[in-house]
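Notes follow the structure.
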Amino acid sequence: MKSESVRPTVPKCTFCENPAIVYRKEVNHHLCKTHFIADVELRVISNIEKKTLISDGDRIAIALSGGKDSTALLLLLYRLLPCWNDVHLIAITIDEGIAGYRVETIRSAQRLAHQFDIEHRIISFDDIYGNTLDSLLRGKESQACSICGILRKKALDKGARDVGATKLATGHNLDDEAQSALMNVLRDDLPRLVRNSSTMKSPYFIPRIKPLSDLSEKDIATYLLIQDAWTDLPECPYTHNALRREVRSMLSDLEYRYPGTMLRIMDSKRKIEHYLSGIEITEPLRHCKECGDPSSGEVCQVCLIKRSFSH
Ligand SMILES: [Zn+2]
Ligand SMILES: [Zn+2]
């Protein structure tokens, strides 16, 4: 009797003879380990070039939380450094003061910076705001993410300014960006939808860049895993933004059934930004009457938070 082999065949890489480890549905490519890494690096460099995120001579402060996205950001920018002349990387880690979470992620950030011989600064909420996030949040835990986000933004800006950075790079990925865009639509927040801090021409802000914004969460996880750069770290105990969680699960379901959904959301956002460019839809920038920092209202959000803590 003839016996037929029923062994499932592993698809071959679209670009070489090696077995594929990843299938990119959007472009119908099967990729081996080497070609997947090359593909990720190519997508990051074209994102950077398309939006002119990095120029020769830049001093780039990397917001290095020690988590997956910022680890991938550091790895990728380090590898891509030869693409520019005289570009310098400095890692900045914010220690918000979150018990049971930060110690390990800071350790991971330190290890990474040391491994690549990159200057590393750690800035704590305690130094800047006189207290840890844990104590600042007591009784206000439900607003944790928005309060922490505002305080962390200012801390990162301060850190980047202190090291003389010309750009501040964050590890936001495509999933984060598509979720935020959709959340701004759901909240009818047009100013926030079209606000683009990388092109904002203001002497008060260090331009923020998001080199990984074309890579999905899955791309980043795979990129780290296949290079043994994956570290399992605790999750922030405060993450419970209800709307983001729902949007996240809805988008990943849509992305699975209709590949390219998240990229199309970002294309839409860019078109809206383009049509609205030059039209003033945000409040003109003023200066906070308490700290002097740029602010859209009389008092900036950080000072408003500080006020609420002293009550
Ligand atoms: Zn290959
Ligand atoms: Zn202020």
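The string of couplings for the stretch 46-57 from the Karplus curve (6.51, -1.76, 1.60, θ = phi - 60°) is 6, 4, 5, 6, 4, 9, 6, 6, 10, 10, 3, x Hz, one whole number per residue in order, with x for Gly and Pro.
Just so you know, the Rg over Rh for the stretch 223-301 is 1.13, from Cα atoms, with Rh as the Kirkwood radius. In the complete set of protein chains, residue-level accessible area for S296 is approximately 70 Å², probe 1.4 angstrom.
Here the stretch 48-279 exposes an accessible surface that is 51 percent carbon and sulfur, computed with a 1.4 Å probe and the other protein chains kept in place. Remark: the stretch 1-102 carries 54 Å² of accessible area per residue (probe radius 1.4 Å; ligands, DNA and RNA excluded). Ranked by the mean number of other Cβ atoms within 10 Å of their residues, highest first, the peptides 61-68, 151-158 come out as 61-68, 151-158.
Radius of gyration (Cα atoms) of the stretch 1-111, expressed as a multiple of 2.2 N^0.38 Å: 1.52. Extension gain for T261-E17 works out to 84.8 nm (0.36 nm per residue, less the C-alpha to C-alpha distance).
Once backbone amide H atoms are built at 1.01 Å from N, S124 has D95 as its partners under 5 Å, excluding neighbours fewer than 5 places away on the same chain. At 222 nm, what value in deg cm²/dmol follows for the chain if DSSP H runs of at least 4 each add -39500 (n - 2.57) and the sum is divided by all its residues, to the nearest 500? After summing the helix terms and dividing by the residues of the chain, the value is -14000 deg cm²/dmol. Note that the chain, at 4 °C in a medium of 1.567 mPa s, gets a Stokes-Einstein diffusion coefficient of 61 µm²/s from its Kirkwood radius over C-alpha pairs.
Summarising the amide proton neighbourhood of H287: residues at separation of 5 or more, or on other chains, whose placed amide H is nearer than 5 Å comprise S295. E290 contributes about 100 Å² of solvent-accessible surface, heavy atoms of the protein only, 1.4 Å probe.
Among the listed pairs K50/K269; K25/K51; K140/K306; K154/K306, those whose Cα-Cα separation exceeds 19 Å are K25/K51.
The values are calculated or read from the model by the stated rules, or taken from the named source; none is laboratory data. Quantities reported herein were computed from a predicted structural model and do not represent experimental measurements. Counting neighbours? That spans all protein chains shown, and the Cβs are built from the backbone with ideal geometry, glycine included. Note: areas computed on protein heavy atoms with side chains; ligands, DNA, RNA excluded. Shrake-Rupley method; radii C 1.70, N 1.55, O 1.52, S 1.80 Å.
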